[in-house]
């Protein structure tokens with residue numbers, strides 16, 4: 001059975017997530033970005049390095065969601081407009097980078113934001129969903145009215 005994962009956003013976090021997914025041989029990775037050429041170029045680059053990294057994952061870069069059909073998992077690394085989010089399955093939740101002290105990392109980097117940690121964490125969650133690594137994975141969720149709390153991150157395990 002082909003396991004397909006879609007990564008929305010081809011910036012640093014999205015490309016890193018796609019790379020990690022490919023290296024874990026989760027087979028098929030769709031990289032989506034609204035900027036023409038970015039996801040296609042990164043998917044091609046990751047495909048070209050496959051023999052060196054010894055994996056045979058199939059990567060596709062696209063600017064739309066049609067190629068994402070039958071994805072078992074969706075990882076959102078992009079700050080996408082709400083109109084675009086409506087097109088995405090409502091049962092998926094964006095992976096929020098702010099939980100990883102993004103402000104401190106950004107201040108040290110001077111440009112950009114954290115991407116290795118959130119990308120690796122999202123891939124670990126996807127791997128557990130797809131191949132059941134049988135691991136308890138803690139995560140944070142921003143509460144927006146749940147349990148009468150707003151704008152608060154709560155940990156789950």
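Quick notes
- Flag if residue 90 is modelled with pLDDT under 85, under 17 Å from the mean Cα position of the chain (by Cα), surrounded by 18 or more Cβ atoms within 10 Å (Cβ to Cβ) and within 30 Å of residue 143 (Cα to Cα): no
- First in region 133-157 and more than 22 Å from residue 121 (Cα to Cα), second anywhere and part of a strand (DSSP E or B) and modelled with pLDDT under 80, Cβ under 6 Å, 6 or more apart: 149/143
- Residues of region 20-54 that are surrounded by fewer than 24 Cβ atoms within 10 Å (Cβ to Cβ) and within 19 Å of residue 128 (Cα to Cα): 20, 23, 24, 25, 26, 27, 28.
The values are calculated or read from the model by the stated rules, or taken from the named source; none is laboratory data. In this text, all values refer to a predicted model and were calculated from it rather than measured experimentally. Don't worry about glycine lacking a Cβ; one is built from the backbone with ideal geometry, like all the others, and counts go over all protein chains shown.
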